[in-house]
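The next block holds one structure in the form of structure tokens; read it before the comments.
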Amino acid sequence: GCTAIDVVDLLRKMRVEFSDFKIDVTGELTEEHPKIYHTVHLTYFIKVKEEDRSKMEKAVNLSQEKYCGVSAMVRKFADLKVKVEFL
């Protein structure tokens, strides 16, 4: 949730028009108890103009590297894999 807010705010500041924005999160658990997530996959789906794709990638990177506290916390116990899929 917090990374979505970051990305939307950053795209608005960059004056990027977008639609169909969603984030899909999946994870892989350890086999032993207590089972915890060892890998988390975060995929951003968005429709933007071709010329704005680099801005979307920049917004995601800023969220992940600087602003999103939840992502920083998840990285303490799991490998966080992030990708952007353009619609």
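The values are calculated or read from the model by the stated rules, or taken from the named source; none is laboratory data. Not measured: the values here are computed from a predicted model. Neighbour counts run over all protein chains shown; Cβ positions are idealised from the backbone, glycine included. In case anyone asks, the SASA skips ligands and DNA or RNA and just uses the protein heavy atoms, side chains included. Shrake-Rupley method; radii C 1.70, N 1.55, O 1.52, S 1.80 Å.
Data for the structure
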read-out: Residue 12 versus residue 79: modelled label distance in nm, points set 7 Å from Cα along the beta carbon direction; value: 3.6 nm
read-out: At R0 = 25 Å, FRET efficiency that the Cβ-Cβ distance of residue 38 and residue 4 yields, to 0.05; value: 0.60
read-out: Estimated inter-spin distance, residue 87 and residue 50, nm [label 7 Å along Cα→Cβ]; value: 2.0 nm
read-out: Per residue convex hull volume, Cα atoms of segment 1-84, in Å³; value: 82 Å³
read-out: Helix 53-62 vs. the chain, principal-axis angle (Cα, 0 to 90°, nearest 10); value: 40 degrees
read-out: Sulfur and carbon atoms: percent of accessible area, the chain [1.4 Å]; value: 51 percent
